[in-house]
Structure formats: structure tokens, C-alpha cells
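Encoded as C-alpha cells, the structure appears first; notes follow it.
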Amino acid sequence: MHGVYRRPPSDSGFFQRAGLAYLFIALLFVIGNIPAIAAMRFPDPDDTLRLVQVRDLLAGQGWFDLHQYRIDAPHGGVLMHWSRLVDAPLALSIFVLTPLLGQAGAEAATLVLIPMVTLAVAVFLVARIAWRLFDEEVTGFACLAMAISIPVINHLKPLRIDHHGWQIVFALLAANGLMARSPRAGGWTIGIALAVWLSISIEGLPLAAGFLGLLALRWLRDPNDRGWLLNAMVALTVGSAVLFLLTRGFADLQTHCDAISPVHLAVFAWGALGVGAMAVQRPRPWAYQMLGFAGIAAGAGAIVYFTAPQCAGGGFAGLDPVVRQYWYQNVAEGLPIWKQPVASILVIVMAPIVGIYASLRLARESSAWLHRFWFDYALLLGCALAVSVLVLRTGAVAAALAAPPVGWQVVTWCRSMRKIDKPAKRVAAFAALALVLAPALPFTLVAMATPAKATSGTRIGLPPTCGIAAAHPALKRLGKAEMLAPLDIGPDILYQSDVSVFATGHHRGNEGMRDTIQLFLGTTAEAQQTLTGRGTGYVAICPTLPEPKLYARNAPDGFAADLLKGRVPSWLTPVDVGGDGTFQVWKVVR
């Protein structure tokens, strides 16, 4: 039977254990990414565009002005949905380090420093849960379980400066809030964590609802626990309003489905008022409380339905059908897991499933509040798993939340294995454990043993693999002209030059994305008419990337297919950009 006490995380043992775990993990992350760091090869186009946005901020663009003016410039640029909360530490680091290292050195240092700070916070939050509820050994294994999780690694490694790492951090902070002794302290911790998380990315809304649902369950189990949900709702409402004013101000009060907007603040305020009205009443029967919660949920739904019905279909509901078909349906990280390879499915589901199993075991073996805590944690992991099943990239949050119970389960299994006398059975047991911790390992080994073969590929949204970096001097000489390029390489072109592009793979630029796709799918003659009429100066392409191959496969006689096959029209003249020829640029001759 597990105890019911929480160890304080303030003694030196916690900081030594968590600190050593972090230093070991950070060292591995940095060493493993030295080639990418040296080449400044961003893991994802989002990271590249994030640095472009930070550069614009440091160059004097307004704090509340989130436009990317070099994307679809003829139409006034694209208003991004990204939060300044993520830009702030990046900009501060570059600003402080530039006098010491120069701009290039400051950017390079920041691209390592900020992800490692994010990693440190995440590791300490995982360690805090494990330390308070288990022992030193479990704490170390919990940190290790998170560090070897591929979904987590992909968002916390060097150069990964986009918002996904911070989503993990604030999900873990909310989970820490569930352990608080005081409903007020716990509720405010959870509410503020959710407010920051949603301000960074509204993608966290389903799991935020899961956290609030758990607090409602605590209320239903014991009316004395109603303070958890009340304080969390007040903190979420107040925190979201303050963050909205700090990061958005009054510059943009329109309704956006992909970022916190006034309609969302109204929903949070309605929820806080409804919960407050229920909390001041004397304890009511369980059925009455359920009706109250249902009424609050119905009211929130009515607010959205009557003020922002377009948001019922999610943040991508307004995509043009062409963009949806050729972009959204081919970005792997945004698709459900049943559209992923088997290895990816195992990587996403294994840690949460083991975490749910371990949490239920812990609930059964524990007593008092700890029994309820682990049952709640199993429900939270179930919610996180369900969300990650629907959207692949959310699997990182589920894996990070699963780390503490997974660490306990691994230690429990290891202790049992030490008692196995027969070497063969012990080896088999450890092999099974290795598969649990690294479920994609067999597929990786098979891939390493299989000769490489060419593939056309269909997945876009990948980091550029062509020689855009080597073309930097040539691109800088092009000035501020407009360039037509595939969506995936748009951010890297913006990063390496002063030119503008039609679009990048970001849904707010829906019209520019549609124009880009239609130009590459259409005929070469149609492309000439559009580009010359628009005044576009250049055309670029990376033949090695999946995106242009996707266009060529769907339109064998289209503009992209002609460029890939070397059928370059006479109205395009090649531009020498150096490199290995994998990045090709032509000037539009009028």
C-alpha cells in the first residue's frame, strides 16, 4: 500500500536528482544535434518562421502587430496567430547576447539556449511529480521516460524554438497543480497554466477541458472540493484576459477560431460565473450538480454558436478546398494516427497506455487522497491519449504527462526482473521492457538494415533538405522582389533573404496558399500570365522535396511538372545561386 504523504520538493536531494537528470539529457540532446546546430538546419519550417517573426520584432515591428508583411505582400501580408509569449524569451536572449556575440552569434546561441531552458523546466516539473509521490529511483526513471520519448524529443531539442515545447511545459505545470494540498493554490495553478497554454496555442483547448472536467469530478465526489473548479475557472478567466491585453491589446478584436479571441474570453467568463453561482449554494444532490454543469456547458456552446458559428468546425474550418486537399491532408503531424505508419502509431500510444495502466495500478494500491489522485491521473491520460489519436502532434503532451507513472512502472518491472533466476527469461523480460520504452526500435533497425531507395513521398510540412543556406549570398542580392516557391521552403527563403513569397505552410495565409498550389498545378502558360501580371520577380523550387513531386504527380502537364522535368520556359532565366543544384531559382522575364 502506497503512502498518502507528499514529500516537499524543496530539499537538496530533489534538486540534485532532477539537476543531474537534466544535465545528462541536455548533454545528449546537444551532442546528438551538433550537425544540425552547426548548419543552422531547423527541424521544422515553423521554427524558421518563428525566428523571422522575432527578427521583425527586434527590427522595430510593433509588439501588437503580428503581420508577416513578406508573405503575400501585395495583399498586405498575413496576420499570424502566434503568440508574443513565445517570441519574448527569444527576442530577449538575442537582444542581450548581440553586443557580446553579434547578431548571427546571438541567434545561434539562442536557438540552443531557449530550447534547453524549456527542456529544463519540463524535466523539473516531471521530476517534481515523481519526487513528491515516489522515491529517488523513480524520479530518475520518470525523467528518462520523458527524455527518450520521440514525440517529446522532437519538440524540446536544440533549434526547436516554436511553441510546442512550451505547450508541454504548461501541461506539466497544470498536472503539478493537481497535487496541491489547497484547492485555492491548486486551482489557481491549474487555471493560470491553462490560460498561458491556450494563449500560446488554442490547440490545448480539448485537454484544458479535460483538466476542468477532472476538477468537476472532484466536486461531484465531495462538495468540499468545489473550490478546485471555482478557483481554476476564475484563474483561467482572469489570466486569459490579462494575457490577451498584454499580447494582443485592442489592435485585433475580431473573432479568430485559431487563437484566443473575445468570444473565448466570454465563454471563460460565463463558466466562471456559472461555477461561482453553483458554489455559493448549499450542497445539492449529485443529479442537480450534473444539471448545473450541463447548463454551463450549454450556455458556453450557445455563446459560440450565436457569436462565432464558423468556429464550430475548428481552426481550419475556413480552408479553401484546394488548400485542404493538397496541403492540410498531407501534413502528417496534423492528421489522426490511423493515417500514420505503424511505427508512428506505437510511438504515440505506448507511453500513455502504459501510463494509464500504471496509474490505475497505483490507484488500486493507494489509499486516501492518493487513491483519488491516481484515478484522476488515469482519466487525464485517457483524455490526452484520445486527443493525440485525433491529432498526431499532440502526442508529445500525452507522453510527457505519462512520464511519472511510466517511470514508476519501469522501476517496478526492473525490480521484479532482478528476481528472475533464469538468464534467458531475464533477457526476454528486459527485451520486452526495451520495446515498451522504445516501441519504434524494431522498425528503426529494419529501416537501417534495408537498402535505401528513392521515394516520391506525399507528406509536406517537412524541413527543407535543399541547399537554400548555401544560396544566402545570392538570395540577398535579389533585394525585396517577390518569389513564387513551394510552401515548405517559404520560411527558409524569408530567413535567408529579403524577398517576399506568395505563401508559407500556415493556414492564415489561405489565399496565398491557394494561389501557390494552383500556379504549380496549372499550365506553364497560365503561370506566365499570372506571374507577369502580378509583377513577381522570381520562381524557386527544390526538386528533392515531396511537395513539388505531389503537384507534378497530380498534374503531369502542370507548371511544377515542367520544372521538375527540365522543361523550363523561355520566359524564365536561371539565376546562379551556388550550392549543389538542389535549390533552383529563375528570374521572370517580362
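Read the figures in this text as sums done on the coordinates, not as results from a lab. A quick note: this is a predicted structure, and the numbers were derived from the prediction, not measured. Backbone-built Cβ (ideal geometry, glycine too); neighbour counts: all protein chains shown.
Here are a few things to note about the model shown:
- In this Cβ point-charge picture (+1 for Lys and Arg, -1 for Asp and Glu), the stretch 110-253 has a dipole of about 240 debye about its Cα centre.
- Here the stretch 193-322 is assigned +1 on the Cβ of each Lys and Arg and -1 on the Cβ of each Asp and Glu. Its dipole about the Cα centre then comes out at about 560 debye.
- Viscosity 1.567 mPa s, 4 °C: Kirkwood-radius Stokes-Einstein D of the chain over Cα pairs, µm²/s: 50
- Positive end of the dipole of the chain (Cβ unit charges, origin at the Cα centre): among A235, A351, S497, the Cα lying farthest that way belongs to A351.
- Surface/4 estimate of mean projected area, convex hull on alpha-carbon atoms of the stretch 275-433, nm²: 14.3
- Value of [θ]222 nm, deg cm²/dmol, for the chain, DSSP H segments ≥ 4, -39500 (n - 2.57) each, nearest 500: -20500 deg cm²/dmol
- Net charge in the neighbourhood of F293 (other residues with Cβ under 12 Å of its Cβ; Lys, Arg +1, Asp, Glu -1) is +2.
- Estimated FRET transfer efficiency when R0 is 51 angstrom, pair D421-L291 (beta carbons, to 0.05): 0.30
- Residues T412 and Q254, FRET efficiency given R0 of 35 Å [Cβ-Cβ distance, rounded to 0.05]: 0.10
- Net dipole in debye of the chain [+1 Lys, Arg Cβ; -1 Asp, Glu Cβ; about Cα centre; nearest 20]: 1620
- Based on C-alpha pairs under 8 angstrom that are at least 6 apart in sequence, the chain has a relative contact order of 15 percent.
- Once the C-beta distance of L245 and K565 is scaled by a Förster radius of 45 Å, the resulting FRET efficiency is 0.25 to the nearest 0.05.
- Span from the the stretch 31-104 Cα centroid across to the the stretch 334-411 one, whole angstrom: 33
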